[in-house]
Amino acid sequence: MSHSPKTADLLYCFGCNERFRATDDWRICPRCGLSSGDEDITTDGPTFLWKSSDFWASRQPQSDATDPVDMTRLIGEQLGDFKIQSLLGRGGMGYVFLARHVHLDRDSALKILAPELIVRDPDYLDRFLHEGQAMASMQHPNIVSVYNIELIGEYHCLDMEYVSGRSLQHLIRDHRLPTERILFLGAEIARGLSEAHREGILHRDLKPDNILMTLNGVPKIGDFGLAKRLSPDSQERVLPAGTPHYMAPELFQGGQPTPATDVYALGVCMFQMLAGRVPFAQPGMNALIGAVTSQSIPNLRLLRPDIPLEMAEVVHQMLDKSPGNRPQNAIEAVAMLDAIIGGLPDLQTLVDEAFDFEPHVLWKPVGGAFELNVRLPQERHQVVWIESSGSSAREKVLKIYSHCCPAVKQYYEKALRLNDVITHGALMLQDINGVPWFVMQNCYPRYTVDAEEVRRSVLEIAFHADAIEKELTGQDRN
């Protein structure tokens with residue numbers, strides 16, 4: 001993975017709280033259109049509204065501030081039990097590296113607090129440790145897991161689950177997502193957020209950059225650096241902070257963060273997935289605040305007519321100006337999204353859409369599954385099966401597989417070598433009528449897969465399974 005661009009080449013967007021590459025004649029954030037201003041910035045992080053005059057107006061580091069440490073020099077080195085392999089990214093509190101735990105033999109996303117931040121502001125260390133504690137207290141499939149919080153030499157580190165996909169922001173940038181997939185993604189993000197709300201934890205910085213996607217399309221919420229645990233009888237006043245595009249109107253008006261402000265951020269994420277943009281794209285921070293607090297939410301169905309009415313209504317309700325009119329927490333948001341999911345198309349509709357214009361793929365239902373005969377070059381063919389398992393919409397798993405050939409022992413070594421170079425799916429052993437077979441298989445959560453993904457996966461599974469059959473047996477029997 002390549003390293004981040006040099007800081008000198010970057011500008012900072014105060015609406016997105018993210019850097020972007022500068023050019024001689026372009027100083028506008030490519031995501032939201034907000035002007036970066038006239039000065040470069042050497043760090044980024046959340047917007048603290050109670051420090052806004054200092055944070056927005058005086059962006060240059062103080063003269064007595066500690067010089068930043070070049071953390072990329074750790075790449076290739078061993079830090080405690082971790083072999084640092086590459087830089088995954090950097091943010092307001094430091095760097096995240098792909099590291100290998102040498103004793104446990106597993107990959108880790110190792111987040112390291114930049115040392116100069118502790119010198120500049122001791123609150124950074126408290127926030128960093130609080131992030132680790134908040135994440136470690138929750139075990140949920142839609143939340144990035146934290147394994148350990150430790151001090152290694154001079155570095156404060158979070159040992160986190162490595163999610164090998166990319167962020168939701170990258171997915172939105174590169175693809176126009178089908179509405180069905182957006183609905184399921186929103187429901188799963190809400191499910192992770194609901195776990196935080198059950199624990200009395202506010203995330204306070206939910207946005208697509210802080211949602212990671214596994215290779216199987218499962219969203220996982222990360223970056224709890226601004227998280228705040230609220231007890232029912234607490235009288236503590238929580239100061240508003242976050243990323244302006246995702247901050248609820250009441251936060252700009254001095255209101256308290258609540259679970260409903262997290263729901264607003266979820267609504268912005270869903271709006272962005274559907275429309276490809278944030279609700280309010282403004283040229284400056286004052287204009288952004290004015291739009292968020294006073295302008296009506298743009299009509300989603302005018303921006304994207306294929307959005308189901310019920311879905312648009314739920315997103316608009318999440319983005320209501322009044323926190324009392326929104327779902328009061330992510331638990332309520334999950335219930336609303338699940339109610340829409342219950343009426344989605346069944347598997348046959350998905351398969352029909354995927355292969356309606358594929359003349360070289362013939363398919364038919366067999367019981368509760370689907371058998372697809374894929375015609376391949378050189379007059380070869382391969383049978384692929386699609387099955388769906390699970391009792392509810394969110395629990396269903398879509399399994400796409402093809403039988404390669406009987407797993408004769410003399411094929412084992414070559415099959416293992418082939419499995420090592422396959423980029424889609426995996427080769428495994430499966431007992432079929434008492435005989436072991438090599439089977440090429442891939443699985444997807446039913447709630448994230450779309451027709452195009454099914455089509456592509458079926459074709460790739462067919463191609464790989466046929467290639468393995470031909471390599472091992474020289475025949476074409478499946």
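Each residue in the stretch 225-260 was checked for being part of a loop (DSSP other than H, G, I, E, B) and either over 20 Å from the mean Cα position of the chain (by Cα) or at pLDDT below 85 (or both), and 21 of them qualify. Applying a threshold of 6 Å to beta carbon distances and a minimum spacing of six or more residues, or different chains, the list of pairs starting in the stretch 406-422 at a residue that is within 11 Å of Trp437 (Cα to Cα) and surrounded by 14 or more Cβ atoms within 10 Å (Cβ to Cβ) and ending at one that is of a type in the set (Phe, Trp, Tyr) and modelled with pLDDT of 70 or more reads Pro406/Trp437; Ala407/Trp437; Ala407/Phe438. Figure legend. Inter-residue proximity from the stretch 77-96: first residues more than 14 Å from Asn210 (Cα to Cα), second residues assigned to a strand (DSSP E or B) and of a type in the set (D, E, K, R), beta-carbon distance below 7 Å, spacing 6+ or different chains. Indicated pairs: Phe82/Arg100; Lys83/Arg100; Gln85/Arg100; Gly94/Lys111.
In the stretch 322-380, which residue that is in the same structural domain as Val458 (by TED's automatic domain parsing) and basic (Lys, Arg) is farthest from Gly254 (Cα to Cα)? Checking each candidate, the answer is Arg380. Looking only at residues in the stretch 149-169 that are acidic (Asp, Glu) and closer than 30 Å to Gly217 by Cβ, which one is surrounded by the most Cβ atoms within 10 Å (Cβ to Cβ)? It comes out as Asp159.
Quick check on my filter: what residues within the stretch 275-293 are touching a residue at least 24 places away in the same chain (Cβ under 8 Å), out of contact with any Gly (no Cβ under 9 Å at 6 or more places or on another chain) and assigned to a helix (DSSP H, G or I)? Hits for the stretch 275-293 are Ala275, Ile289, Val292, Thr293. The sole residue among Ile340, Ile331, Ile289 that is touching a Ser or Thr at 6+ places or on another chain (Cβ under 6 Å) and either within 16 Å of His245 (Cβ to Cβ) or among the β-branched types (Val, Ile, Thr) (or both) is Ile331. Annotation: Ser53 fulfils all but one of (1) more than 21 Å from the chain's Cα centre (by Cα); (2) modelled with pLDDT of 70 or more; the unmet one is (2). Taking the criterion of being surrounded by fewer than 16 Cβ atoms within 10 Å (Cβ to Cβ) and either among the aliphatic types (A, V, I, L, M) or touching a residue at least 60 places away in the same chain (Cβ under 8 Å) (or both), the residues of the stretch 325-346 that qualify are Gln328, Ala335, Ala339, Pro345.
Note on the stretch 156-208: residues that are in contact (Cβ under 8 Å) with a residue 24 or more places away in the chain and part of a loop (DSSP other than H, G, I, E, B) amount to 16.
Would you pick out the residues in the stretch 294-321 that are among the small types (Gly, Ala, Ser) and not in a helix (DSSP H, G or I)? If the condition is that a residue be among the small types (Gly, Ala, Ser) and not in a helix (DSSP H, G or I), then Ser296 is the only one that fits.
Taking the listed residues Arg173, Arg120, Arg90, the one that is surrounded by fewer than 22 Cβ atoms within 10 Å (Cβ to Cβ) and assigned by TED's automatic domain parsing to the domain that holds Lys207 is Arg173, with no other qualifying. Ala281 meets the conditions (1) of a type in the set (Gly, Ala, Ser); (2) surrounded by fewer than 23 Cβ atoms within 10 Å (Cβ to Cβ); (3) within 16 Å of Lys207 (Cα to Cα); (4) modelled with pLDDT of 90 or more in every case but one. The failed one is (4).
Exactly one residue among Ile289, Ile211 is in the same structural domain as Lys321 (by TED's automatic domain parsing), farther than 29 Å from Arg181 by Cα and at pLDDT 90 or above, and that residue is Ile289.
The values are calculated or read from the model by the stated rules, or taken from the named source; none is laboratory data. Everything numeric here is computed off the predicted structure, so don't read it as measured data. Ideal geometry is used to build each Cβ from the backbone, glycine not excepted, and the neighbour counts take in all protein chains shown.
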